[in-house]
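Quick notes on the structure that follows.
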Amino acid sequence: MGRFDDRVALVSGASSGIGEATARALVQDGAAILLLAAPRDADDLQRVTDDLTRRGGRVAAMTSDISEPEAA
């Protein structure tokens, strides 16, 4: 049983670096994750999503530029 079972997290910048590492840690601890990344990072976001899903993670992903108020 993970400490984030029955929890949902949104992780921005999830296509690489700290965001990706955070998503991986949260999934490992049982969280369901919504991964978010800029449209320019769509390929990397898909790679992370596919990998986490293969490992049994409950993962959804979307691209959005959250620096734009309308996107938020």
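What follows is calculated from the coordinates using simple rules that are stated; it is not laboratory data. Keep in mind that this is a model prediction, so the values were computed, not measured. Neighbour counts run over all protein chains shown; Cβ positions are idealised from the backbone, glycine included.
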Practice task
Would you calculate a helix-derived [θ] at 222 nm for the chain, using -39,500 (n - 2.57) for each DSSP H run of n ≥ 4 and dividing by the full residue count, to the nearest 500?
Solution key: -11000 deg cm²/dmol
Problem - On Cα atoms only, tilt of 42-54 relative to the major axis of the chain in degrees - result: 10 degrees
Problem - Alpha-carbon radius of gyration plus Dmax, which is the widest Cα pair, for the chain in Å - result: 11.7, 38
Problem - Charged-residue dipole, Cβ positions (Lys, Arg, Asp, Glu), the chain about Cα centre, Debye nearest 20 - result: 340 debye
